[in-house]
Structures are given as structure tokens and as C-alpha cells.
């Protein structure tokens, strides 16, 4: 497998994980606002509406537990990028609504993929 094949494979796995997370969140009653929102500050996988609240959702797939769990991979640097990107989104859309940062963590399980939804996964001071 070449490096580009590996990258493509990783990308398709990430896309499949996002698809599963989106399907899960929709079943939980959230409504999709935007997917893969990009700005010069970074990217947000899913922007969802949960009642009046906006949820900026980071989707993490971990296939190898040796490298830590999905939630641990959302470190301070990633949190800062998510915050800046979310602030830019809110400013561009002129939105003034309650918002939070969620993480949907996916990991292999005997039944396929286990999904863990962490609402309000982190707060930024």
C-alpha cells in the first residue's frame, strides 16, 4: 500500500465514522446545520442544532487503543482550533445562541463500532 493509498483509506474511514456519528446524532433529535465547516482557523466536523443550542461536534475514530482514546486526542491545541473556528462561524452567521463543544468517539467493538457521545466535552476559559 502506498502512502497515498493509506491516506485515502484513512480518509474513507474518517468519512464513514462521521456518517455514523451524524446518523446517531440525528436519531438523538439533533438537526444538521453544516458538515465539515472550514475556516482559516480549522475545521469542525459537524455543526448541529440541539433545540435552541448549537453543538460543535468533533468526531474521533480510534482503531488502536495503544494511542489513547478518542476523547484524549482532543487536546488543548485542538480545543483552541475548534474554539476559534466556532467563533468565526458564529460571527460570520451573526448568531448569538448558546453553544457547546461535543465529542463523538467511535471505537471498534464486537458489534461493529461503539459510539460514545460526550456532550459539553470541554469548556474554554
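The values are calculated or read from the model by the stated rules, or taken from the named source; none is laboratory data. What you see is a predicted model, and the numbers here were worked out from it, not measured in a lab. Heads up, the Cβs are rebuilt from the backbone with ideal geometry, glycines too, and the neighbour counts pull from every protein chain shown.
Quick notes on this one:
- Looking only at the stretch 75-111, residues that are closer than 18 Å to residue 32 by Cα, free of Cβ contacts under 8 Å to residues at least 12 places away in the same chain and within 14 Å of the chain's Cα centre (by Cα) come to 0 in all.
- The residues of the stretch 44-89 that are at pLDDT 90 or above, assigned to a helix (DSSP H, G or I) and touching a strand residue (DSSP E or B) at 6+ places or on another chain (Cβ under 7 Å), listed by number, are 81, 82, 84, 85, 86, 88, 89.
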